Amino acid sequence: MKNRNFAIEYLNSTVNKKLTKTDFCKSKSISRNSLNMGLNSVGIKIACKTRTNGNK
């Protein structure tokens, strides 16, 4: 429930200004993973970044 509240606060704070997840998480002393879990709980899907190495 706490992560969900952080997610809602993040969404409200990004409406009028550009705020990165990193900046928000630092200001609230939470991890990006916690924020992502909260965003998922309110129905926002986070695209996973996969690392690809073309020099195999």
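Which whole-number percentage describes the relative contact order of region 2-41, with Cα contacts under 8 Å and a sequence gap of 6 or more? That works out to 63 percent. For region 19-33, putting each phi into the Karplus relation 6.51 cos²θ - 1.76 cosθ + 1.60 with θ = phi - 60° gives couplings of 10, 7, 4, 4, 5, 4, 5, 5, 5, 9, 6, 10, 8, 5, 4 Hz, in residue order, rounded to whole numbers and with x for Gly and Pro.
Converting phi to 3J(HN,Hα) with the Karplus coefficients 6.51, -1.76 and 1.60 and the offset θ = phi - 60°, region 3-18 yields 4, 5, 5, 5, 4, 5, 5, 4, 4, 5, 7, 9, 5, 9, 9, 7 Hz in sequence order, with x at every glycine or proline.
Bear in mind these aren't lab numbers, they're just calculated from the coordinates by the rules spelled out. Since the structure is predicted, the reported quantities are computational estimates derived from the model, not experimental observations.
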